[in-house]
C-alpha cells in the first residue's frame, strides 16, 4: 500500500491535478484563473496511487473503504472532507453513507449521521459551509470519482427530504415497500428502511411527529418497529419508558389520554391509518394489562406453552431470544414476586436450554433491574434455581415466600397484590 503522505498542500495539489483525469468537474477553469502563471505538473506516484486507491476501495466495499478513510483523516484532517464526500457520492450505499458519514465526517464536521445524508446532501452542505474552513481546505473541490454499481442505481434524496415533514413522508413511502424483497429494493440502490428513517426523525425532537410515528408502529407492529420507534424516538419525545409491549394499539390509547398535554396544533394532528404490512396484518394486540407485572406473567404462561414452536422457527443457538424480551420486561418491575414465576419458566422450558440464558440473564440476574443479586452462570439450570429458591426465599416478604413455582400448564392465580407501577398503562 502506498502511504498517503501528502504535505500541507498535497490535497490542494491533488485537486488541481485531478483535472487532467477529468475527475473534478469545473475545477480546471477555477484553478486556471487563480494560478494562471503556474504550470500544472503531471500526477506524481503518490497522488496517482491515491486516486487508484479511492477507486479500488469503492469497488471493494467496507473492508478497504474504512481503513483508507481512516488514513485520510489521520494524515490530512479537515483537508480530507471533500475527498470523503466524493467517496460517498460515488457509491451512496450503507458502506459509504453510514461508515464514512458516521465514523469520519461526523467527527470532522460536527454533523451527526443521518441516513438521508447521501452524496448529494453532503455536496450541498459543503457549498454552504466550506467558507468556515481554512483557505487551503476551501479550495479543494469534491472529486467526481467513478460510480460503483450501487452509485449508478442510486436515486438521491431531494433537498426537501431533510425536514421533519420530508422524513415523515419518506417513512410512509418506505412502509409501503417494507414487504418488497430486499434484493428488489437493492436493485434501486435502496439500502435504508422505514425503521432507519423513522429513528432518524428523533433528531428533530419535535412532538408534531408523535401521531405519525404512532401510525407507523400501528401499521407494522413488528418487534423491529416497536423497538426502533418506541425506544429511540417516542420514549424521549413523550417521557414514556420503552416497553416491547407498547404496540400500536397501546400507543393509540396513550395518545387519547395524553394528547391534551401538548400544544393545540399538536393535539389537532390525527394518527394516520396507514396500509398494514404483512406483520401488521398478522399482529394481535397485546393484552390491555400488558403494562402490569401480573399481565406480563400471564403472557409468560402463554409464552411457556408456545416456546418450543417459536424456537423451532429461529436459527440454531438463539432459542434464548424466545424469552429474553419478556424476561427483561418482567425484571423492569423490580418486584421479587416475579422470581418464582421466572424460575418456573426455566423449569418448564422445552427449547433445549434457551431459558437458562434468556430468563437467567435477562430476568433473574439482569444488572440494571436486579432481582436476585446473583451473577449469571450458564450452569445455573432449573435444578440450581429451584435449590436457590428454597434456600433464599426467606429473604423476601411473606407473600413472596408463599408463591409456589407455577405449573404453566394451569391457569395462573395471583394471591398477592401488585404494587402500583410508574409505567402505568394508558
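Read-outs throughout are calculated quantities, based only on the coordinates presented, and are distinct from any laboratory measurement. It should be emphasised that the depicted structure is a prediction, and the values quoted were computed from it without experimental measurement. Cβ: placed from backbone, ideal geometry, glycine included. Neighbour counts: every protein chain shown.
Label-to-label distance for residue 334 and residue 124 is 4.6 nm, based on points extended 7 Å past Cα in the beta-carbon direction. Relative to the longest principal axis of the Cα atoms of the chain, the long axis of helix 248-258 lies at roughly 90 degrees.
Against the chain, whose longest principal axis comes from its Cα atoms, helix 45-60 is set at around 40 degrees.
Peptide packing for 125-135, 82-92 was compared via the average number of neighbouring C-beta atoms within 10 Å per residue; ordered from the highest value, the list is 82-92, 125-135.
Counting 0.36 nm for each residue step from residue 52 to residue 78 and taking away their Cα separation leaves a gain of 7.2 nm.
Extending 7 Å from the Cα toward the beta-carbon at both residue 187 and residue 273 defines two label points whose distance is 3.4 nm. Remark on region 72-147: ratio of C-alpha radius of gyration to 2.2 N^0.38 Å is 0.98.
So, R0 is 30 Å and r is the distance between the beta-carbons of residue 162 and residue 70; what FRET efficiency does that work out to, to 0.05? It would help to have the intermediate numbers written out before the result.
Details: r = 27 Å, r/R0 = 0.91.
For residue 162 and residue 70, the calculated efficiency is 0.65.
Given R0 = 60 Å, the distance between the Cβ atoms of residue 377 and residue 136 translates into a calculated FRET efficiency of 0.55. Over the Cα atoms of the chain, the radius of gyration divided by the Kirkwood radius equals 1.10; this is the Rg/Rh ratio. Please find the FRET efficiency linking residue 416 to residue 241, where r is the Cβ-Cβ separation and R0 is fixed at 25 Å, and quote it to the nearest 0.05. For residue 416 and residue 241, the calculated efficiency is 0.60. Computed over region 134-252, the quotient of the alpha carbon radius of gyration and 2.2 N^0.38 Å is 1.29.
From its DSSP helices (H runs of at least four residues, each -39,500 (n - 2.57)), the chain gives a residue-normalised ellipticity at 222 nm of -14000 deg cm²/dmol. Principal-axis analysis of the Cα atoms of the chain puts helix 382-392 at an angle of about 60° to the longest axis.
Modelled this way, with points 7 Å down the Cα-to-C-beta line, the labels at residue 368 and residue 112 are 1.8 nm from one another.
Residues within the reach of a label modelled at residue 179 (point 7 angstrom out along Cα to beta-carbon, backbone nitrogen below 18 Å), restricted to region 213-229, are 216-226.
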